[in-house]
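First the structure, in the form of structure tokens, and then the observations on it.
The values are calculated or read from the model by the stated rules, or taken from the named source; none is laboratory data. No experiment lies behind these values; they were computed from the predicted model shown. Positions of Cβ are backbone-derived with ideal geometry, glycine not excepted, and every protein chain shown enters the neighbour counts. Surface accessibility is based on the protein's heavy atoms, side chains included, excluding ligands, DNA and RNA. Shrake-Rupley method; radii C 1.70, N 1.55, O 1.52, S 1.80 Å.
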Amino acid sequence: LAGGWLHSLVLKADGRVMAFGYNSVGQLGDSSTTDRQSPIEVAALGGDNAQLAGGWIHSLVLKQGP
């Protein structure tokens, strides 16, 4: 779980990322600026993610190694 400014990210056990909250500049990673009250999957990232971080108007995802 990671939090930014008014948005949150969740790393699921299978490596998929879910995001929800304020999305004014696309910080949820769903190619929109629509705010989300319920978690949505950030499908473009796939399922091989290892760590998350959130900031003011950005989100970061660290992929697993090769």
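Figures for the structure shown
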item	result
Only listed residue being of a type in the set (A, V, I, L, M), in contact with a His (Cβ under 9 Å, 6 or more places away or on another chain) and in a strand (DSSP E or B), chosen from 53, 19	19
Within region 46-60, tally of residues that are surrounded by fewer than 17 Cβ atoms within 10 Å (Cβ to Cβ) and either without any contact (Cβ under 8 Å) to a residue 24 or more places away in the chain or of a type outside the set (Asp, Glu) (or both)	10
Complete set of residues in region 1-37 that are of a type outside the set (A, V, I, L, M) and within 8 Å of the chain's Cα centre (by Cα)	8, 20, 27, 29
Residue match in region 23-30 (condition: more than 14 Å from residue 4 (Cβ to Cβ) and either in a loop (DSSP other than H, G, I, E, B) or not charged (D, E, K, R) (or both))	yes
Condition met for residue 31 (of a type in the set (Ser, Thr, Tyr) and open to solvent by 50 Å² or more (accessible area, probe 1.4 Å))	yes
Subset of region 2-28 [open to solvent by 30 Å² or more (accessible area, probe 1.4 Å) and under 15 Å from residue 63 (Cα atoms)]	10, 11, 12, 13, 14, 16, 18
Single unsatisfied condition, residue 41 versus (1) touching a residue at least 12 places away in the same chain (Cβ under 8 Å); (2) open to solvent by 70 Å² or more (accessible area, probe 1.4 Å); (3) more than 9 Å from the chain's Cα centre (by Cα)	(3)
